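The values are calculated or read from the model by the stated rules, or taken from the named source; none is laboratory data. Since this is a predicted model, take the numbers as computed values, not measurements. A quick note on method: Cβ atoms are made from the backbone with ideal geometry, for glycine too, and the neighbour counts reach across all protein chains shown.
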């Protein structure tokens, strides 16, 4: 099997699974219980949150555990809008966001918010001048991804944060789902930051929203004190501890892992550039973990299943938006149908090997040969 | 390039006769504190030298910042006493600096061929040539590069950091700290430690009126204090029986006064049992009814043992500042009842009298109760969390 869909999800790190199982069996108390078992569970929860905070250089009270990035995105976006109803009705985002942001925006538009989408330049980065021209004092929220999930563009979120310093009432949300565990993440100048654990070898159903302490949120799930006031429900202790551990392991030797991925990514790009009819969509603004390409004349689903028969697993666009046919990201880049309608995404990790890349390239060539007519 | 931490002793230098003992105690304390790290400590009459491995520098400095008896310290480059090597290193160590600077040379090794002032001038010149962002200012420099030339080795350093000051813990005998879980008593413990006093902590608990969480809070506070000393004994006094008896038998106005008198009696007995010479607590003049001067004198009348009140004359905000600095504030404000808050009468007496106390205390046989209580004291040894708890899980 050749797994090349790490940006859809990753296999859990066995050490994380071990932690999960131990916590399930040995820390049975509810962290909110007053007896000793509860106190022990609370301590473990606090230590886990503390570690997450330290790893991301934020405060402990700024870490909100959620069921993943989709929930974190919803909580961030809708949470601030409900909390600050009088700050303005204008929101800026991009067409390159994850569906959990875009669908929020569609909903918000229906209930009266004005949504502006920043232009994306040909190189995949947002047009900063256009962005500046959109900003008004009614802009309550700017929501921009850190790394785009389909093609891998890495936005300069710190630069955007700098610009927003002149707009003190504008809240800056960044979806960091594809960034955490892959590239160094700096959270200065960012008010809200979401991520999912399963993208960095953690467990599905867990993630965080980092919320700077000067921002308030209206909870989406009411019910009083949990791990935080912003998201109720019995704290999912095993998942919280697992997230903390997965994050620590992911950030360990991050630069070395990055180099491994970079090397493999360069190899892959070099090889596919030699194949006729394959156009590379990822560019130098993309993280090396994601390599998006369009295969002219072959439907992406056909390609996906053809490769699947060889036990090679990739994505068409992103796993989260398999219902519509064209890639929204590539459409936003004003690519024509032959490109945006024919893209596949290969995503690699430090676990990927050279052999796997070669196997993929060989099979891709064969499939193209067989499928073209 | 090798670096070492140079430690300057605190007030120690003034204590002539005891100096050796003081330095030895500091040496032992630092050694214990840095246990497990890859370090080597040596000392002479004026300084201590810690060799460390580069990747542990942050941990080493963090820990040094928790040891009393250190006036200041520098992180210095250490090289052979060799003219060219010193020059090279001087340039290297000033490479990133901007603003004004001066060079100060201390030539301990008088065989070194160039005199101090001349050498400073020469090195200054070399630095200027290699870093155009610097200017010389010998009166008020932003950075002072100190070069200490010894026989074999030379030390170079620019920044000086202040340590905690005080005396090494252990140069004084032991005191018994009344630790309640509030903001003031941990600060008092910290200040006592600062003067070199070893401490045992005493916590009065009234289960089930107070919870296990209140006890855990005190344990956490004790752990914080352990950062500044080795391990600390925590004596947990089961106070329920005495407290209930007081509230059954005594005039409500006097309850707190009587309770404090009982605590002092127990403290004295525990101190004698554990070789403590003084009682230390977090009383601050006028803060609450039991801390007016009249109350203090009436309460204090039950013992001849000296009672040290390190925060007696500090304002609440000053105490809070220290508690934040030593990281106890966030624990102290956790909302669990302790035995001083659980039975507060509506109008505690502000000006109690000895006669009033004696009259109330006649209502029950407290000596027997105290005896029974002392026998049931539970003593645990608290240590600083050496490594992160739950390490295997996280």
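Points to keep in mind about this one:
- Flag for residue B:41 being more than 30 Å from residue B:135 (Cβ to Cβ), touching a helix residue (DSSP H, G or I) at 6+ places or on another chain (Cβ under 7 Å) and surrounded by 19 or more Cβ atoms within 10 Å (Cβ to Cβ): no
- Unmet requirement for residue B:84, which otherwise passes all of (1) under 19 Å from residue B:105 (Cβ atoms); (2) more than 22 Å from the chain's Cα centre (by Cα); (3) surrounded by 14 or more Cβ atoms within 10 Å (Cβ to Cβ): (3)
- Filtering segment A:165-212 to residues that are touching a residue at least 40 places away in the same chain (Cβ under 8 Å), at positive phi and surrounded by fewer than 21 Cβ atoms within 10 Å (Cβ to Cβ) leaves only A:205.
- Complete set of residues in segment B:293-322 that are over 19 Å from residue B:194 (Cβ atoms) and buried (at least 20 other Cβ atoms within 10 Å of the Cβ): B:295, B:298, B:299
- Of the residues contained in segment B:337-353, one or more are found to be within 14 Å of chain A (Cβ to nearest Cβ), under 24 Å from residue B:190 (Cα atoms) and at pLDDT below 90.
- Qualifying residue in segment B:171-192 (condition: within 14 Å of another protein chain (Cβ to nearest Cβ), under 17 Å from the mean Cα position of the chain (by Cα) and either at positive phi or surrounded by 24 or more Cβ atoms within 10 Å (Cβ to Cβ) (or both)): no
- Hits in segment B:158-192 (condition: part of a strand (DSSP E or B) and modelled with pLDDT under 95): B:160, B:161, B:162, B:163, B:164, B:165, B:167
- Where helices (runs of 4 or more DSSP H) sit wholly within segment B:227-325, those with at least 3 residues that are touching a strand residue (DSSP E or B) at 6+ places or on another chain (Cβ under 8 Å) occupy B:255-273.
- Within the option set A:140, A:163, being within 18 Å of residue A:88 (Cβ to Cβ), modelled with pLDDT of 95 or more and not in a helix (DSSP H, G or I) holds for one residue only, A:140.
- Check on residue B:154, in contact with a helix residue (DSSP H, G or I) (Cβ under 9 Å, 6 or more places away or on another chain), surrounded by 14 or more Cβ atoms within 10 Å (Cβ to Cβ) and in the same structural domain as residue B:77 (by TED's automatic domain parsing): yes
- Restricted to helices (runs of 4 or more DSSP H) entirely inside segment A:1-119, those with at least 1 residues that are within 25 Å of the chain's Cα centre (by Cα) and within 14 Å of chain B (Cβ to nearest Cβ) are A:14-26, A:36-56.
- Among residues of segment A:283-317, those that are more than 18 Å from residue A:368 (Cα to Cα), crowded, with 21+ Cβ neighbours inside 10 Å and modelled with pLDDT of 95 or more, counted: 5
- Test set (1) closer than 30 Å to residue B:196 by Cβ; (2) without any contact (Cβ under 8 Å) to a residue 24 or more places away in the chain - residue B:121 fails condition number: (1)
- Counted residues, segment B:195-219 - those being out of contact with any strand residue (DSSP E or B) (no Cβ under 7 Å at 6 or more places or on another chain) and surrounded by fewer than 21 Cβ atoms within 10 Å (Cβ to Cβ): 7
- Filter result for residue B:214 (assigned to a helix (DSSP H, G or I), more than 27 Å from residue B:356 (Cα to Cα) and within 14 Å of chain A (Cβ to nearest Cβ)): yes
- Residues being modelled with pLDDT under 95, within 14 Å of chain B (Cβ to nearest Cβ) and either surrounded by fewer than 23 Cβ atoms within 10 Å (Cβ to Cβ) or not in a loop (DSSP other than H, G, I, E, B) (or both) are entirely absent from segment A:233-244.
- Residues of segment A:340-373 that are in contact with a strand residue (DSSP E or B) (Cβ under 8 Å, 6 or more places away or on another chain), in a helix (DSSP H, G or I) and either over 14 Å from residue A:301 (Cα atoms) or modelled with pLDDT of 90 or more (or both): A:356, A:359, A:360, A:363, A:364, A:368.
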